[in-house]
Amino acid sequence: MLKKAARRLMVVNASVFVLVLGVFSVAVFSAVTHNTDSEKRQRLRVLSDALISSIEEDEPDDAIPDLMRSHGWKDNQTGDLTLLWFDAKQKLLATKGLLTISVPFDKSATFETQKPQHVLILTRPVERDGQLIGYLRVCISLADADNYKCNLLIGLGIGTALALIVSGIAVVWLVRQALEPVEISIRKLTEFTGDASHELKSPIMAIKTNCAVALKYSDGLSDTHKKNIELILDAANQMNRTIADLLSLAESEHELPERVLGTVNVAELLSELSEDLEVLAASKDIKIECSVDDPTLSLKARKEDLKLILGNINKNAIAYSAAGASILVHASRVGNRIQFEIRDTGIGISEDELPKIFDRFWRSDKARSYTSGGNGLGLSIVKAIVDRYRGVITVKSKLGEGTSFIVTFHQPRPRQAD
């Protein structure tokens with residue numbers, strides 16, 4: 001349970017860290033690319049202003065900007081720039097630069113983007129004394145910006161991956177260091193529970209034996225003394241059951257070695273379960289019906305563990321069902337899982353009590369009113385063993401209508417022979 005909680009904590013921490021890194025990376029990438037795009041646009045604005053201001057006032061209306069005619073601006077210096085000059089009738093008069101511009105001229109456009117050759121284009125009308133004299137198109141290649149963005153994206157990806165790896169290793173190490181004393185304490189507590197239970201078995205057995213002998217040779221004992229001895233014997237039996245349950249809980253805290261697992265036929269398991277519970281069910285006139293979808297269905301586990309799981313759930317169902325009720329036990333395969341469903345028509349469990357039913361020594365007030373002789377450990381043992389097999393147990397219930405338990409174990413389908 002502790003390791004499962006630790007794994008869940010590490011997954012939550014890793015998810016939060018991934019989310020934070022993702023948001024940070026997206027924010028950095030968005031900010032840098034926005035600044036890069038803004039710089040390109042600003043460069044086009046400044047260049048267009050310089051070109052427009054280079055037109056002399058005494059030149060004719062169709063005059064080409066001086067900077068475009070200047071021989072000082074060589075073509076090999078404008079590999080990332082191209083300048084186009086149109087007259088007022090949108091006729092191309094001059095071009096300077098090496099970029100190929102395929103975007104149709106649009107006098108109403110401002111900034112445009114061309115692909116596949118990635119180019120940013122700024123189109124500006126040019127006026128003199130309030131009269132339109134032409135249009136200027138300034139184009140700049142975005143290849144270097146695209147390479148920069150690509151390199152930035154790769155860098156952020158690699159940085160994020162490295163940060164996740166390093167932080168993951170650090171989190172695992174820190175969690176293990178933090179859990180080590182807790183695990184030691186839990187292990188010692190489990191060992192103490194098992195040792196104490198073993199030590200209590202002998203005096204309890206002595207009490208039971210002496211009570212049984214006293215009742216067998218009860219001549220000379222008053223009715224009051226007999227009743228007191230019977231009460232002591234009942235208490236000893238109850239204590240003996242509690243000790244057995246505590247031992248089961250202590251054992252369920254340990255991992256099962258693979259060598260102790262066997263192949264359990266589910267149909268045979270349910271048949272034995274029905275026989276084991278026959279006397280107890282008959283004492284309350286309760287009928288237990290067991291069924292399985294496939295007689296060859298099998299599960300890799302310890303048979304005693306499965307019998308303990310199904311037995312405790314069914315004993316609870318018998319204890320809290322009225323005479324004449326029925327209990328249905330059904331086993332089936334659902335994908336790669338084997339599922340057991342135990343359904344009864346007993347007193348049911350209220351919605352607010354459902355989360356507590358697997359707590360140790362917990363019983364609802366309504367359950368306590370039944371003389372079941374239980375100690376509140378049965379379902380705790382069930383949950384501990386199911387967790388031990390990394391299975392899942394769910395419960396649905398409604399007061400006055402009954403309860404349904406579903407126990408699921410992961411069990412891949414056997415390979416078919418060729």
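Name the residue that is surrounded by the fewest Cβ atoms within 10 Å (Cβ to Cβ), counting only residues in the range 255-294 that are of a type in the set (Ser, Thr, Tyr) and within 25 Å of Ala319 (Cβ to Cβ). Reasoning before the result, please.
Within the range 255-294, the first condition is being of a type in the set (Ser, Thr, Tyr), and the residues that meet it are 263, 271, 274, 283, 291.
Going one step further and asking which of them are within 25 Å of Ala319 (Cβ to Cβ), we end up with 271, 274, 283, 291.
Working: Ser271: 13, Ser274: 15, Ser283: 10, Ser291: 12.
Ranking the candidates gives Ser283 first.
Condition check: more than 20 Å from Ser397 (Cβ to Cβ) and more than 31 Å from the chain's Cα centre (by Cα). Does Glu289 satisfy that? Outline the logic, then answer.
Numbers: more than 20 Å from Ser397 (Cβ to Cβ): no; more than 31 Å from the chain's Cα centre (by Cα): yes.
Judged against the criteria, Glu289 is not a match.
Filter the range 99-111 down to the residues that are over 15 Å from Pro125 (Cα atoms), without any contact (Cβ under 8 Å) to a residue 40 or more places away in the chain and either of a type in the set (D, E, K, R) or surrounded by 13 or more Cβ atoms within 10 Å (Cβ to Cβ) (or both) and list them by number.
Passing the criteria: Ile101, Val103.
Would you confirm whether any residue within the range 246-254 is at pLDDT 90 or above, out of contact with any Lys or Arg (no Cβ under 6 Å at 6 or more places or on another chain), loosely packed, with under 14 Cβ neighbours inside 10 Å and not aromatic (Phe, Trp, Tyr)?
The answer is no; no qualifying residue exists.
Provide a single number: the residues in the range 85-103 that are part of a strand (DSSP E or B) and either modelled with pLDDT of 90 or more or touching a Leu at 6+ places or on another chain (Cβ under 7 Å) (or both). If you could, list the steps in order and put the result at the bottom.
Within the range 85-103, the first condition is being part of a strand (DSSP E or B), and the residues that meet it are 85-87, 92-97.
Pick out the ones that are also either modelled with pLDDT of 90 or more or touching a Leu at 6+ places or on another chain (Cβ under 7 Å) (or both) and you get 85-87, 92, 95-97.
Going through the range 85-103 one residue at a time, the tally reaches 7.
In the range 375-401, what count of residues is obtained for those that are more than 14 Å from Leu308 (Cβ to Cβ), at pLDDT 90 or above and either under 20 Å from the mean Cα position of the chain (by Cα) or crowded, with 21+ Cβ neighbours inside 10 Å (or both)?
Total satisfying the criteria: 2.
Tell me the residue from Ile342, Ile349 that is assigned by TED's automatic domain parsing to the domain that holds Gly400, under 30 Å from the mean Cα position of the chain (by Cα), in a loop (DSSP other than H, G, I, E, B) and surrounded by 16 or more Cβ atoms within 10 Å (Cβ to Cβ), please.
Details: Ile342 fails: in a loop (DSSP other than H, G, I, E, B).
Only one candidate qualifies: Ile349.
When the range 282-291 is examined, which residues are found to be closer than 24 Å to Ile338 by Cβ and either of a type outside the set (D, E, K, R) or in contact with a Cys (Cβ under 9 Å, 6 or more places away or on another chain) (or both)?
Result: Ile288, Cys290, Ser291.
Regarding the range 295-310, can at least one residue be identified that is more than 19 Å from Ile349 (Cα to Cα), surrounded by fewer than 16 Cβ atoms within 10 Å (Cβ to Cβ) and in contact (Cβ under 8 Å) with a residue 60 or more places away in the chain?
Scanning the range 295-310 turns up at least one residue that is more than 19 Å from Ile349 (Cα to Cα), surrounded by fewer than 16 Cβ atoms within 10 Å (Cβ to Cβ) and in contact (Cβ under 8 Å) with a residue 60 or more places away in the chain.
Looking for something at pLDDT below 90 and either within 18 Å of Leu44 (Cα to Cα) or of a type in the set (Gly, Ala, Ser) (or both) - is there at least one such residue anywhere in the range 177-188?
Within the range 177-188, the first condition is being at pLDDT below 90, and the residues that meet it are 177-188.
Of the ones still in play, those that are also either within 18 Å of Leu44 (Cα to Cα) or of a type in the set (Gly, Ala, Ser) (or both) are 178, 185.
For the range 177-188, residues at pLDDT below 90 and either within 18 Å of Leu44 (Cα to Cα) or of a type in the set (Gly, Ala, Ser) (or both): present.
Can you pull out every residue in the range 334-357 that is of a type in the set (Asp, Glu) and either under 21 Å from Leu308 (Cα atoms) or in contact with a Pro (Cβ under 6 Å, 6 or more places away or on another chain) (or both)?
Our first condition is that a residue be of a type in the set (Asp, Glu); within the range 334-357, this holds for 341, 344, 351-353.
Scanning the range 334-357 gives Glu341, Asp344.
If a residue has to be free of Cβ contacts under 8 Å to residues at least 12 places away in the same chain and under 46 Å from the mean Cα position of the chain (by Cα) to count, how many in the range 120-156 make the cut?
Initial filter on the range 120-156 (free of Cβ contacts under 8 Å to residues at least 12 places away in the same chain): 127, 129-130, 147, 150-151, 154-155.
Cutting the leftovers down to under 46 Å from the mean Cα position of the chain (by Cα) gives us 147, 150-151, 154-155.
Within the range 120-156, residues that are free of Cβ contacts under 8 Å to residues at least 12 places away in the same chain and under 46 Å from the mean Cα position of the chain (by Cα) number 5.
The values are calculated or read from the model by the stated rules, or taken from the named source; none is laboratory data. Since we're looking at a predicted model, the values are computed, not measured. Positions of Cβ are generated from backbone atoms using ideal geometry, with glycine treated the same way; all protein chains shown enter the neighbour counts.
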